[in-house]
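Contents: one structure, followed by commentary.
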Amino acid sequence: MDRPFRRIGVVGAGAMGRGITQLFAQSGFDVVMHDTRGEAVDAALAHLEGTFGRLAERGKMPADQARASLARVGRSDSLEGLADCDLVIEAIVERLDAKQALFGQLEAVCSADAVLATNTSSLSVTAIASACRHPGRIAGYHFFNPVPLMKVVEVVRGAATEEAPIQRLVELARIAGHRPVVARDYPGFIVNHAGRAYGPESIRAVAEGVADTVTVDRILREQVAFDGKGFRLGPFELLDLTGLDVSHPVMESIYRQFYDEPRFRPSVLTAQQYAAGRFGRKTGVGFYRHEDGVQQTPEEAPRPEPASMPRVWVGPGPAAVALGELVEALGGTTAAGATPPDDALVLLAPLGIDATSAAAGYDASRVVAIDTLFPYGHRACKRRVLMGTPATSPTSLAAAAALFARDGARVSVLRDSAGFIAQRVVAMIVSVAADIAQQRIASAADIDEAVRIGLGYPVGPLTMGDRLGPATVVEILRGMAHVTGDPRCRPSLWLQRRAQLGLSLLHEDNA
């Protein structure tokens, strides 16, 4: 079978350019690198020599294959040296004017049937191509760093992109062992668009005073569980790793590109961090302190056991029986009856709404809410999450926290919040991904896989919704919307309709 391309040019010798070059060279393609700075190409070639050498030393690649891969990499000190390439991939600075100028130069150099691709992560492919005479051969080819390890690539169809370049780029990605996902040209494409939920919703929770950054990170790493796996990094750990100098401008850019869509609204919290130059690991301080590149995380204090433990009355709801069994298994005493006795702690399990709303009709000073969206049973979880109303007594909260820590689980106590932390963050992840599907930016299956791989989630966002139940996610979002009045919480129509019909969120429309 003929290969889709014979010779590949890469313009830009930074981290992305090096990674793209490595990927295709080790996949058997001749690759020519160019950068306006010759020293950048020198550094990239030295880096690739070291990389292929280490792969051979570690047994990841036969030594002869490593040598052959390096031999496939050439350099050109001018764009004219790319004239015989039938694919050129641009990986230069993220500026529209610079990319438009480069593509204009490439049009003058490359043959009429060569495909020109941009690795842009945030700019419009349509806008880049608009400055060209033949925009039909220009497409997005967005890889993730590190390119050889992040095995997904977004193949982006601009408004004028023809079908043939898309299919050739898809086939090339498959040959290289990457999962190609085809997307329409929308701000953030698939992955960066879908990423507007995990970090931003967590930032909102901290900005609202619900919890501090360390607590939010612990909850999302340890409470959330799909197939026994949670998020590998908390959102603030991730922001510090990526660098707020990169993340905050992307938040602002995507918000403006979507004409101030409330779901993507940035926060004053990150704007202040950005203004202060607290970018994270690269500056030594961000949401955490970093010493010699190592994150400094404060120890979590153990929960002291109170002198006496009140009885626990479990409020009505789907989790009532299981919560009663948990209380007993932890050595607590449950109180029976249709209404709570005057001396009992009132335990509620709201979805989407806050503890204050759930406490209607009860003595709010004795109300404690527990999050039951993820596993919470006896010896069945790493972390349980509680919150009280503004009226809940410190004694009631302390007693509940000590009780639910008796089997070794960690306990986080929040200030009142619509949707705790895990509920609100995961529900927003699902809703944003569902809206990407509703806008037909990509297929549901491609959205799910691209986000899972590109953002390192335990499962894809639409699969998350299916595991929790689309109707449950809708209930959480509607509860949040009812309490906050914020339009960002509205459920996507894709999500609502599948919840009503009992369909998977991966189910495509039949029409």
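The values are calculated or read from the model by the stated rules, or taken from the named source; none is laboratory data. Fair warning: this is a prediction, and the values are worked out from it, not measured in the lab. FYI the Cβ positions are ideal-geometry reconstructions off the backbone, even for glycines, and counts take in every protein chain you see. When the accessible area is computed, the model is the full protein with side chains, heavy atoms only, and any ligands, DNA or RNA have been set aside. Shrake-Rupley method; radii C 1.70, N 1.55, O 1.52, S 1.80 Å.
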Test each condition in (1) over 20 Å from ILE175 (Cα atoms); (2) surrounded by fewer than 18 Cβ atoms within 10 Å (Cβ to Cβ); (3) out of contact with any His (no Cβ under 8 Å at 6 or more places or on another chain); (4) in contact (Cβ under 8 Å) with a residue 24 or more places away in the chain for ALA44 and report the one that comes out false. (2)
Among the residues of region 312-332, which ones are within 20 Å of ALA364 (Cα to Cα), of a type outside the set (A, V, I, L, M, F, W, C) and touching a helix residue (DSSP H, G or I) at 6+ places or on another chain (Cβ under 9 Å)? GLY315, GLY317
Would it be correct to say that ARG3 is at pLDDT below 95 and open to solvent by 30 Å² or more (accessible area, probe 1.4 Å)? yes
Residue pairs, Cβ under 9 Å, 6 or more apart or interchain, first in region 217-234 and free of Cβ contacts under 8 Å to residues at least 60 places away in the same chain and open to solvent by less than 10 Å² (accessible area, probe 1.4 Å), second in a loop (DSSP other than H, G, I, E, B) and β-branched (Val, Ile, Thr). List them. ASP217/THR297
Considering only residues that are small (Gly, Ala, Ser) and either surrounded by fewer than 20 Cβ atoms within 10 Å (Cβ to Cβ) or farther than 25 Å from PRO148 by Cα (or both), which ones fall in region 439-466? SER443, ALA445, GLY456, GLY465
Filter region 386-438 for residues that are touching a helix residue (DSSP H, G or I) at 6+ places or on another chain (Cβ under 8 Å) and of a type in the set (Lys, Arg); the one that is most open to solvent (accessible area, probe 1.4 Å) is ARG410
Could you tell me which of the residues VAL224, VAL216 is in a loop (DSSP other than H, G, I, E, B), within 16 Å of the chain's Cα centre (by Cα) and β-branched (Val, Ile, Thr)? VAL224
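Please pick out the residue among ALA127, ALA101, ALA63 that is over 23 Å from VAL181 (Cβ atoms), under 33 Å from the mean Cα position of the chain (by Cα) and open to solvent by 20 Å² or more (accessible area, probe 1.4 Å). Before you say what the answer is, go through the steps one by one.
Working: ALA127 fails: over 23 Å from VAL181 (Cβ atoms); ALA63 fails: under 33 Å from the mean Cα position of the chain (by Cα).
When all the criteria are applied, what remains is ALA101.
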Go through region 485-504 and report how many residues are under 26 Å from ARG204 (Cα atoms) and buried (at least 18 other Cβ atoms within 10 Å of the Cβ). 7
Quick one: in region 123-146, which of the residues that are part of a loop (DSSP other than H, G, I, E, B) and hydrophobic (A, V, I, L, M, F, W, C) is modelled with the lowest pLDDT? ALA131
Verdict on ARG196 being under 13 Å from the mean Cα position of the chain (by Cα) and closer than 26 Å to PHE143 by Cβ: yes
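Within region 462-511, track down each residue that is at pLDDT below 95 and either assigned to a helix (DSSP H, G or I) or polar (S, T, N, Q) (or both). Reasoning before the result, please.
Taking region 462-511 first, the residues at pLDDT below 95 are 509-511.
ASN510, the sole residue that qualifies.
Looking at region 103-122, can you tell me whether even one residue there is over 19 Å from GLU162 (Cα atoms) and not in a helix (DSSP H, G or I)?
From region 103-122, those over 19 Å from GLU162 (Cα atoms) are 105, 108-109, 121-122; that's our starting set.
Those still in the list that are not in a helix (DSSP H, G or I) too: 121-122.
Looking for residues that are over 19 Å from GLU162 (Cα atoms) and not in a helix (DSSP H, G or I), one finds at least one in region 103-122, hence yes.
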Where GLY177 falls short, out of the listed (1) open to solvent by 50 Å² or more (accessible area, probe 1.4 Å); (2) closer than 19 Å to ILE453 by Cβ; (3) part of a loop (DSSP other than H, G, I, E, B): (1)
Lone qualifier among GLU154, GLU171 - being among the acidic types (Asp, Glu) and outside any helix (DSSP H, G or I): GLU154
